[in-house]
Structure formats: structure tokens, C-alpha cells
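Trainee: Before we start, here is the structure in question, set down as C-alpha cells.
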Amino acid sequence: MGIVQWEDDLELRIPDLDRQHQILIELTNAFYHAYQEHRENEELRRRFLQLQEALVFHMDAEEALMQTSGFVGLAAHRREHIMLKIQLEKLYDKLSGRDHSAAADLLQILQDWLTRHIREMDRKYVVYMMGKNLAVHLPQMVQVDESSP
């Protein structure tokens, strides 16, 4: 079992968006398992970068979609994304300096952030898009790499 679970109330009924959210949860859980198994710092950094890359890809895709649709909540949504990106950069710097508390900090942040963000922030723009009968298509995201080096 991972640190974040996919639950029915996280489903937004937009397949591309739901799949991206599921991948983010899978990547978070892969990082969690590597941390729990006391993997080498290099493995933690690799998984961190994979997760960070997927999060940034997803957030950029969401923002582009909101921009195109004229979603009025874009500025607030973007602010939340920027705050997470800044936290990720700081945590990666700590992890690169072999500060393993960064891994625990990342997991604590994402455990709350992912589910809260989907349930609250993402749901708002999905309701907006559905209310306008706008199609939602996002680019495909990377899959989880479960292999160890």
C-alpha cells in the first residue's frame, strides 16, 4: 500500500485528467516505497526527478487548458502550482545535499496536496469546463518506472 490512495471522490470523470492524477499518485507511491526501503540517495533523487517532471508537466497542461477555456480561477490555480514548484525545488536541493529529511518532507506535502488539490482546485475548473460543454484533452504523461537501477 502507498502513502496516497486513489479514491472514488478523486475521479473527475474526465479520462485524460483522471489518468494523469492516477499517474501522479503512482509516482508518489513509487517514491514512498523507495524511501521506505532505504534506497540509495541516487535512487531517491531519480524518483524525485521523475515525480517532479510529471507534476510540472501536469500543472503546465492544466494551466494551458484553463487559459484556452477562459477559466476565471486560473490565477489562483496557477499560484498554488507555483508554490508547489518552489517547494519541490527547495526539497530537491536538500535531497541533493544528502539531507534525507527532504524525502519525508516531500511525502508529507504530497500526501495532503495531491488529494486536496484534486478535490478542491481541479474540481472547480472541471465543473466550469463541463458547464460550458468544453472537451478536455490533455497530452499523455510518462508512465511509472518501477524498475530499480
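Trainee: What number of residues within the range 112-127 satisfy the criterion of being modelled with pLDDT of 90 or more and aromatic (Phe, Trp, Tyr)?
Mentor: 1
Trainee: Among the residues of the range 5-47 satisfying the criterion of being touching a residue at least 12 places away in the same chain (Cβ under 8 Å) and assigned to a loop (DSSP other than H, G, I, E, B), which is farthest from residue 125 (Cα to Cα)?
Mentor: 39
Trainee: OK, next. If residue 74 satisfies every condition in (1) among the aliphatic types (A, V, I, L, M); (2) surrounded by fewer than 19 Cβ atoms within 10 Å (Cβ to Cβ); (3) touching a helix residue (DSSP H, G or I) at 6+ places or on another chain (Cβ under 8 Å); (4) at pLDDT below 95 but one, which is the exception?
Mentor: Residue 74 satisfies all of (1) among the aliphatic types (A, V, I, L, M); (2) surrounded by fewer than 19 Cβ atoms within 10 Å (Cβ to Cβ); (3) touching a helix residue (DSSP H, G or I) at 6+ places or on another chain (Cβ under 8 Å); (4) at pLDDT below 95 except (4).
Trainee: Mind counting the residues in the range 1-24 that are loosely packed, with under 12 Cβ neighbours inside 10 Å and in contact with a Lys or Arg (Cβ under 7 Å, 6 or more places away or on another chain)?
Mentor: Initially, the range 1-24 is screened for residues loosely packed, with under 12 Cβ neighbours inside 10 Å, giving 1, 5, 7-9, 13.
With the extra rule that they be in contact with a Lys or Arg (Cβ under 7 Å, 6 or more places away or on another chain), the set shrinks to 9.
Residues flagged as loosely packed, with under 12 Cβ neighbours inside 10 Å and in contact with a Lys or Arg (Cβ under 7 Å, 6 or more places away or on another chain) within the range 1-24 amount to 1.
Trainee: Report yes if residue 80 is among the charged types (D, E, K, R), closer than 25 Å to residue 15 by Cα and buried (at least 17 other Cβ atoms within 10 Å of the Cβ), otherwise no. Outline the logic, then answer.
Mentor: Details: among the charged types (D, E, K, R): yes; closer than 25 Å to residue 15 by Cα: yes; buried (at least 17 other Cβ atoms within 10 Å of the Cβ): no.
Against the criterion (among the charged types (D, E, K, R), closer than 25 Å to residue 15 by Cα and buried (at least 17 other Cβ atoms within 10 Å of the Cβ)), residue 80 does not qualify.
Trainee: Conditions: (1) within 19 Å of residue 20 (Cα to Cα); (2) touching a helix residue (DSSP H, G or I) at 6+ places or on another chain (Cβ under 8 Å); (3) touching a residue at least 24 places away in the same chain (Cβ under 8 Å). Residue 63 meets all but one. Number of the miss?
Mentor: Looking at each condition in turn, residue 63 falls short on (3).
Trainee: Pull up the range 19-75, narrow it to residues that are acidic (Asp, Glu) and within 14 Å of the chain's Cα centre (by Cα), then point me to the one that is nearest to residue 96 (Cα to Cα).
Mentor: Step one: of the range 19-75, the residues acidic (Asp, Glu) are 26, 37, 40, 42-43, 53, 60, 62-63.
Retained after the next criterion (residues that are within 14 Å of the chain's Cα centre (by Cα)): 26, 53, 60, 62-63.
Working: 26: 23, 53: 16, 60: 25, 62: 29, 63: 29 Å.
Applying the filter and picking the extreme gives 53.
The values are calculated or read from the model by the stated rules, or taken from the named source; none is laboratory data. Computed from a predicted structure; not experimentally measured. A quick note on method: Cβ atoms are made from the backbone with ideal geometry, for glycine too, and the neighbour counts reach across all protein chains shown.
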